[in-house]
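Below is one structure; the comments refer to it alone.
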Amino acid sequence: MVDSAKLDLSARIGSLVLPYPTVGLSGCYGSGAEFAPYVDLARLGAVVLKSVTRRPRMGNPTPRIVHTPAGMLNAIGLQNPGIDWYLQHDVAKFAQTPCATIGSVAGFSVDDYAYVCERLAARNEIAAIELNISCPNVAHEGETFACDPDLTARVVRAARDTTDKPLIAKLSPNVSDIATIARSAVAAGADALAVVNTVRGMAIDIVQRKPRLGNVTGGLSGPAIRPIAVLAVYEVARAVAVPIVGQGGIETASDALEFILAGASAVGIGTANFADPRAPITILDGIIEYMVQRNVRSLRELVGAANTGFANINQVEGDEG
Amino acid sequence: MALASSISAVVPTRILDRSEVAHDVILLGIEAPDLVKKVRPGHFAMALLPGRQAAGVALGIYEAHGSRCSLLFFLAGDRTRRLGALRVGERLDIVAPLGNGFDCEGAQRDIAIVAGGVGIASVLLPAQRLLARGARVRLFYGARTAERLVEAERFAAEGCELLLATDDGSRGYHGLVTDLLAREEAPERILACGPTPMLRAVSAYAQERKIPAQLSLEEAFGCGVGGCWGCVVPIVRTSAQAPSFPPSEADGSDVVHARVCAEGPVFWAHELRW
């Protein structure tokens with residue numbers, strides 16, 4: 001039996017090494033502080049902050065949330081204070097977060113991404129940048145980037161030119177071939193990929209005879225999308241040799257392990273926090289238990305272990321190092 | 001007003017008692033001695049359901065006394081049915097207390113509490129607090145049918161004057177509770193909890209007469225703790241509940257989206273822009 005205290009649970013995202021593979025996801029986890037009463041944030045690998053845009057955004061009308069069987073539709077619409085206010089009032093507080101804080105950038109043009117990325121990445125409180133090129137909830141434009149390999153590349157390259165901090169491109173599942181998008185993002189300089197954002201969906205109120213969401217359409221999250229997300233990670237991990245933050249309906253350690261075995265180096269926990277804010281900790285503890293029982297000393301031994309065509313990132317990192 | 005989230009926690013509780021106070025209306029007593037000390041009128045809880053569910057259920061905290069709190073809710077969907085299926089002795093974890101709560105400390109002594117349907121679950125604690133302060137408390141309580149006017153007698157026993165309304169006329173005034181409110185002598189202050197159309201009517205009534213009114217809003221929650229921005233309502237940026245909100249995107253607009261779970265769920269009627 002290995003000693004649980006001696007396990008290597010770390011996950012690498014470019015130059016950033018997370019001590020744990022579990023990440024609180026953007027849009028679900030506020031700034032992390034909202035969950036501090038319920039979990040020890042020091043036992044998370046990182047928190048990905050809510051996306052920020054160039055200008056302030058009111059977001060979508062309500063209802064923004066609809067509960068569905070085994071899942072949840074949301075259409076928040078990128079409500080945020082805009083980068084000016086964010087830098088002035090919010091970012092300094094993240095220095096107190098006891099785990100890494102990863103900034104999330106959203107936009108409506110290539111220039112938007114570059115502009116916000118440059119300003120946000122310049123701050124010491126921000127350890128890495130996630131490019132949210134896959135928000136399904138902002139009138140046609142938001143998801144366009146992640147649905148087109150050329151636009152994906154242009155956004156990533158423009159952001160890459162502004163910072164040396166690790167860049168994560170957040171991919172959409174609403175594409176016919178996610179591997180193509182993944183290759184494009186990596187070729188343009190992404191250090192890691194977040195796989196995947198929500199699946200587009202809608203729900204209709206049959207009494208009122210109208211859509212349930214104020215925005216009409218939304219993004220489906222929760223266990224309903226997990227098999228879709230596992231497959232997306234599996235396919236992306238065969239296509240590119242960069243770390244993947246696997247996400248989509250992870251509720252338990254066994255769910256998280258599916259993503260890791262498919263090829264994810266880290267796992268994101270979003271909607272599961274709404275069902276139980278302790279989820280990131282119980283998932284981490286479950287991963288540790290799995291490793292101890294099977295004498296697995298390093299999480300890296302598990303990454304991609306169920307994926308025969310895995311583009312071995314550990315090997316690539318070894319070559320580089 | 002301190003945010004309840006600063007004192008909230010995941011509270012492991014045990015079901016002490018369970019009763020079906022009307023068809024598909026459940027009252028669950030839970031053992032939660034530490035929570036009783038922290039709960040203020042208008043606070044709510046997120047019940048973490050057993051089994052796999054994508055989100056908890058937001059519920060008003062109905063009673064808080066001794067070592068027992070209670071949750072009163074209607075069986076409306078799969079998630080509330082799971083909650084209603086819990087039996088005495090079983091465990092239920094909740095996140096609580098949450099939200100800002102009602103301000104029950106005003107100088108006014110003639111108070112109207114307006115409750116619609118399941119909104120009744122959030123107004124017993126404020127009624128008790130106001131009565132303890134010596135206020136006259138009239139409960140304007142509306143529901144679809146007489147059977148759905150659950151716990152009305154409990155409020156009467158506490159000392160509230162009951163003014164009841166039903167949609168079908170099976171008990172009390174035949175019509176909307178807000179129409180009943182408008183027919184009676186105006187109160188000095190209003191506290192309300194219920195469906196949005198009722199709250200809008202209360203808000204219009206109160207603003208027309210310049211009566212201070214606090215409304216506890218209903219909105220679909222994601223996290224319930226301020227992390228997801230799923231449950232927003234438009235309010236005036238300079239509102240007491242939005243002391244440091246950024247400007248909205250519309251130039252010149254003074255309206256922002258506040259979170260019902262974190263800045264609310266109780267808002268002053270005159271600060272809402274819905």
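A few comments on the model shown:
- Efficiency of FRET from Cβ geometry, B:Arg154 and B:Lys37, R₀ 30 Å, rounded to 0.05: 0.85
- By the helix-only formula, in which each DSSP H run with n ≥ 4 contributes -39500 (n - 2.57) and the sum is divided by residues, chain B has a 222 nm mean residue ellipticity of -5000 deg cm²/dmol.
- With a Förster radius of 41 Å applied to the C-beta separation of B:Ser19 and A:Asp177, the computed FRET efficiency comes to 0.15.
- Sparsely packed loop sites in region A:226-298 (the chymotrypsin sites (Phe, Trp or Tyr not before Pro) outside DSSP H, G, I, E and B with at most 14 other Cβ atoms within 10 Å) do not occur.
- A straight chain from B:Arg82 to B:Ala107 at 0.36 nm per residue would run longer than the Cα-Cα distance by 4.8 nm.
- Separation of the A:Leu151 and B:Arg91 label points, Cα + 7 Å toward Cβ, nm: 4.8 nm
- Placing a pseudo-label 7 Å from each Cα along the Cα-to-Cβ vector at B:Glu184 and A:Arg209 gives an inter-label distance of 3.7 nm.
- Chain A: relative contact order as a whole-number percent, Cα under 8 Å and 6+ apart: 20 percent
- Within-15-Å neighbourhood charge of B:Leu35 [Cβ basis; K, R +1; D, E -1]: +2
- Summing +1 for each Lys or Arg and -1 for each Asp or Glu among the other residues whose beta-carbon sits under 14 angstrom from that of A:Lys93 gives -1.
- Each Cα pair under 8 Å and six or more residues apart adds its separation to the average, and for region B:214-273 the resulting relative contact order is 45 percent.
- Summing +1 for each Lys or Arg and -1 for each Asp or Glu among the other residues whose beta-carbon sits under 14 angstrom from that of A:Ala158 gives 0.
- Mean residue ellipticity (222 nm) of chain A, computed from DSSP H runs ≥ 4 via -39,500 (n - 2.57), nearest 500: -8000 deg cm²/dmol
- Relative contact order (%) - region B:4-98, alpha-carbon pairs under 8 angstrom, separation at least six: 42 percent
- Ordering B:150-159, A:176-185, A:27-36 by mean Cβ neighbour count within 10 Å, with the highest value first, yields A:27-36, A:176-185, B:150-159.
- Rg(Cα)/(2.2 N^0.38 Å) for the protein assembly as shown, N = residue count: 1.00
- The label-point distance for A:Ala5 and A:Ala122, in a model that sets each label 7 Å from Cα toward Cβ, rounds to 4.5 nm.
- Taken over region A:180-297, the ratio of Cα radius of gyration to 2.2 N^0.38 Å equals 1.23.
- Computed FRET value (nearest 0.05) for B:Ala240 with B:Asp168, which takes r as the C-beta separation and R₀ as 22 Å: 0.05
- For A:Lys93, a cut-off of 23 angstrom between C-alpha atoms picks up these lysines, skipping any fewer than 8 places away in its own chain: A:Lys50, A:Lys165.
Values quoted throughout were computed directly from the atomic coordinates according to the rules given, and no laboratory measurement underlies them. Quick caveat: nothing in here was measured; it's all calculated off a predicted structure. All Cβ positions, glycine included, derive from the backbone under ideal geometry; neighbour counts span all protein chains shown.
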